[in-house]
């Protein structure tokens, strides 16, 4: 009986001098794996344009049907993305999302990126639907707009614009 | 090919060509079972009269043959020998196809641009030369790089030969004669052969 | 069995009809041959080379689309060689095709994507940059062209040349610079331009209205029937998140043959227009206040009850119903006849007198086999566009196409236009009838001269008549298409056809009348007419109510105390603007049931918000008498209700239930239609004059006042239909705001010269006290002696000058600038 007690206390005593396993979360955060998949972000090119072109491939790739994309035509004066199309509405329901990363894989422009942020708790269901305001990264990334894939959109071009009046008979 | 506005300058007959040449048009259309077939001939006639095919010519031909304007323009734009814009007295057409391109056609285009002081598609200020490049082969691959000036061919044109041709035309040489003398090379002749002079 | 051949495809014996292409024959056996340029409705050209197959005995692989089946042919579509060739063809097609599938609207339903996935190489060996061409080119009213994506299959240009017979869209330039284009200065503004979007096997031609609206896999698809015109083309409605995203064709070879007009294809955004009335509105002084349905219905019921109490049920009139389903139309007349007790009900809102014809029933496919197509005072391209494609094809095939009337139809196919003034049309046809009858036995047949240009200006002389008579004498199958606006013309046309019939029993003669609204024939069959009960049963003698003109006159004279309009913007559509204005302002109680706050609705005491066509289920009858069913595709939305629900609720508010169960009306309508059906088609009604007609309408074309202004000249005003005109749906659709017709007066050059009018000059057209000032246009297509104006156009309402018909003499005067300023 005494022996057992002593053994138990001994273990406790030994553990006191070992390195601690628990972290003082949220003051101390655990190191996450390199490929950890957390909250999504929509990245921007170095010139500030959104990389997302509103193609909806993430939406169709999502096994949890958590993504909704509504595309629209870019305003030529004030484009959101390179090319003709952008997502005017982009929503991810974080409560539905299973963080599988298929959307990231489907993205043809590598706009969608799963960050390592995981603290998504909130008080209402609505606040878990992330819109463009929370998804689009405020900071630009080092990526450059690829050449000639999505040329800048200058509005619909008239059918016959090249020949000037002076060349007509 | 008639120079631009020659008929009008004469002051003889200022009516549109299709009025003046109504009989020719009738004859041309009558040659074919369907009027549509006279399209090429009428376009050629328009170009003969004016030097190029103007918008009003397209409209007239479409109306006359019962075609849409689009159809006429489509045919006209297919053939590189029809011009939709005023051209100079000599239209220099450089073959833009691969054989001529590989044999020095690209350099030739650059050289001509420099010498004429115009870019491809433009006409010199004196109205003498228009420089064009075809999309398709001019069917003179044996003489690559080839030039076509109006209806005459010039084979194996290197920059020096091009200069000689331009100078001769500026001096008022006859185009057909020029092509006979320095334009065409004998079959089997090599680049240097035409070069000797 | 000499009509079929047996061939072997991939070792399988296939029976196919003679003359069939290999692609179709393989499809019969369930073998797919990939194609790009080939389309079974267009002539094969063999330009894309995707369909190359091996045929035994042929030295080289042959294109399957241009090869016809032959007996004993042995075909291989899946050999190593063919697989290799397909990879090569695809690699070449993709050489300059941009890889912007993620932003391309075709992505997900793109044959180039699909075929590349199935047959193509995974990679390209191209290492230099692709060719750059223009993207997002404004090709026409409804279409965006991406020149880079085009693979030059020429489906679109062939459609335009072979089916629409217009030839606007062509391939320009040559070799790698070749592109789809139009003549300089033109854009592709055909009424049928939308079809090329569906034909395009890549994303080169896309819709402006559907541009970046979604992906094909997002859409929920509901089959439906178009309600823009009486042809009743079959359509598919594609919804995304409950919003109508686009309209596609749903091929029905007997009706639309797989084509749609642009009105049917693109006029759908009004369904979600912000201008729609979404709540019942009640007039309080000069403004409307939104009220609940209960309040609105109680108000209508109490007002109607007091009118009936004070003036009897005959003081209430009901107008409209041509856009309702048969079930709703049936409920509508029940509401009028049973719940209110008035005989005054009429579906005709645009001056049409006859919507169907019992004699000489016509079918749309009669046009395909016709030798002679006669258009009598009708513009098929504007009133029945998709049926017009059949007419054009018939004319191109060699059928004689003759157009009679005051307005030229403007075809590019061979045709003869015989200008006849509206007033002389009946006489012209009667004379032709006696000529046909006389000439019988003489066997006079001859070459009919057909020209693309109108056969000379001015009223038709003997030439036109002779052309018509000569064509009719030799014809075996005649289709007459008639606008149905003048009953006298109808009787004359009947005499002409009777005369033709007498000359030979084996002749097939048919008549088609495009109704003024999509379901005019259904409304008529359901008894939405003062002189007919449901099922074309005539009302007892003397019990017939007033027709639209009669009701408007009664209202203007203060004899009608309540008017109920359903889906009818009379102010725009009725050819007597002054009468409508007087009637609507005089009538003490006006109810308008519509989608929008139209000019007519603005004068109402109560406006009831109706639901658009997509929210309805029921049946429609098209112009040939075909019954087509639609199902509910979306909820009525907001606070609107379907017309049928409104009628039932109102009847209940009036203290009468119209149906004991929800299926009762549907069952009754089905029963009625079955009774009327002969050979699968609903029969037409007898011509007016044969049955008890309504109150005699004022003779069309009579002048109002003598209008003898010394400085003007008398011309015949001819108001012509325009596909994008009209009172409702096109006006409230943002896609149509730029293409809607503008009010203008179009003159023949000679008339213009005589009046001293140049294009753009303001001209004043006047009739009696009414005058309208319009900008002038000059066109040789207009018949000399007439001034043409579009119906239902933006701008001053021209129907102020009319008196019940779509033509009237007017005084034309050029306005000097001071007067205008």
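The values are calculated or read from the model by the stated rules, or taken from the named source; none is laboratory data. All values reported here derive from a predicted model rather than from experimental measurement. All Cβ positions, even for glycine, are placed from backbone atoms using ideal geometry, and neighbour counts span all protein chains on display.
Worth pointing out:
- Looking across region A:92-105, the residues that are surrounded by 18 or more Cβ atoms within 10 Å (Cβ to Cβ) and outside any loop (DSSP other than H, G, I, E, B) come down to A:92, A:103.
- Residues that are touching a residue at least 12 places away in the same chain (Cβ under 8 Å), surrounded by fewer than 17 Cβ atoms within 10 Å (Cβ to Cβ) and either over 17 Å from residue C:173 (Cβ atoms) or more than 13 Å from chain A (Cβ to nearest Cβ) (or both) occur at least once in region B:28-36.
- Picking from residues in region A:71-91 that are at the interface with chain C (Cβ under 8 Å from one of its Cβ atoms) and surrounded by 17 or more Cβ atoms within 10 Å (Cβ to Cβ), the one that is farthest from residue C:214 (Cα to Cα) is A:83.
- In region B:61-81, residue surrounded by the most Cβ atoms within 10 Å (Cβ to Cβ) [restricted to those that are in contact with a helix residue (DSSP H, G or I) (Cβ under 8 Å, 6 or more places away or on another chain) and within 14 Å of chain A (Cβ to nearest Cβ)]: B:61
- Scoring residue C:186 on the criteria (1) surrounded by fewer than 23 Cβ atoms within 10 Å (Cβ to Cβ); (2) within 14 Å of chain B (Cβ to nearest Cβ); (3) at pLDDT 90 or above leaves a single failure, condition (3).
- Qualifying residue in region A:123-145 (condition: at pLDDT below 95, in a loop (DSSP other than H, G, I, E, B), within 14 Å of chain C (Cβ to nearest Cβ) and at negative phi): yes
- In region C:168-179, the count of residues that are within 14 Å of chain B (Cβ to nearest Cβ), in a loop (DSSP other than H, G, I, E, B) and without any contact (Cβ under 8 Å) to a residue 12 or more places away in the chain is one or more.
- Residues satisfying the stated conditions in region C:18-40, i.e. farther than 20 Å from residue C:57 by Cα, touching a residue at least 40 places away in the same chain (Cβ under 8 Å) and touching a strand residue (DSSP E or B) at 6+ places or on another chain (Cβ under 6 Å): C:31
- Residues that are in contact with a strand residue (DSSP E or B) (Cβ under 6 Å, 6 or more places away or on another chain) and closer than 30 Å to residue C:7 by Cβ, drawn from region C:83-119: C:85
- Residue check for residue C:40: under 20 Å from residue C:257 (Cα atoms) and either touching a helix residue (DSSP H, G or I) at 6+ places or on another chain (Cβ under 9 Å) or loosely packed, with under 15 Cβ neighbours inside 10 Å (or both): yes
- Among the criteria (1) farther than 17 Å from residue B:73 by Cβ; (2) within 12 Å of chain B (Cβ to nearest Cβ), the one residue C:143 does not fulfil is (2).
- A residue that is at the interface with another protein chain (Cβ under 9 Å from one of its Cβ atoms) and either assigned to a loop (DSSP other than H, G, I, E, B) or touching a strand residue (DSSP E or B) at 6+ places or on another chain (Cβ under 9 Å) (or both) occurs somewhere in region A:43-53.
- Of all the criteria given as (1) surrounded by fewer than 21 Cβ atoms within 10 Å (Cβ to Cβ); (2) in contact (Cβ under 8 Å) with a residue 24 or more places away in the chain; (3) not in a helix (DSSP H, G or I), the one not satisfied by residue C:118 is (3).
- Qualifying strands (runs of 3 or more DSSP E) (wholly inside region B:81-174; at least 1 residues being under 30 Å from residue C:184 (Cα atoms)): B:90-94, B:129-133, B:147-149
- Just one of the listed residues (C:329, C:339, C:350) is assigned by TED's automatic domain parsing to the domain that holds residue C:661 and not in a helix (DSSP H, G or I), and it is C:350.
- Filter result for the condition that a residue is within 14 Å of another protein chain (Cβ to nearest Cβ), assigned to a helix (DSSP H, G or I), under 24 Å from residue C:168 (Cβ atoms) and at pLDDT 90 or above, over B:53, B:58: B:58
- Residue match in region C:149-165 (condition: part of a loop (DSSP other than H, G, I, E, B), over 31 Å from the mean Cα position of the chain (by Cα) and either within 13 Å of another protein chain (Cβ to nearest Cβ) or within 15 Å of residue A:159 (Cβ to Cβ) (or both)): yes
- Residue under evaluation residue C:722, criteria (1) modelled with pLDDT under 90; (2) surrounded by fewer than 23 Cβ atoms within 10 Å (Cβ to Cβ), criterion not met: (1)
- Test: residue in region A:160-168 that is free of Cβ contacts under 8 Å to residues at least 12 places away in the same chain, assigned to a loop (DSSP other than H, G, I, E, B), within 14 Å of chain B (Cβ to nearest Cβ) and over 30 Å from residue C:129 (Cα atoms): yes
- Tally of residues being surrounded by fewer than 14 Cβ atoms within 10 Å (Cβ to Cβ) and in a strand (DSSP E or B) across region C:289-322: 1
A quick yes/no check of all residues on (1) modelled with pLDDT under 90; (2) within 30 Å of residue C:350 (Cα to Cα):
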| position | (1), (2) |
| --- | --- |
| C:370 | no, yes |
| C:377 | no, yes |
| C:387 | no, yes |
| C:413 | no, yes |
| C:445 | yes, no |
| C:457 | yes, yes |
| C:467 | yes, no |
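- Qualifying residue in region C:97-108 (condition: more than 12 Å from chain A (Cβ to nearest Cβ), closer than 21 Å to residue A:109 by Cα and either over 34 Å from the mean Cα position of the chain (by Cα) or assigned to a helix (DSSP H, G or I) (or both)): yes
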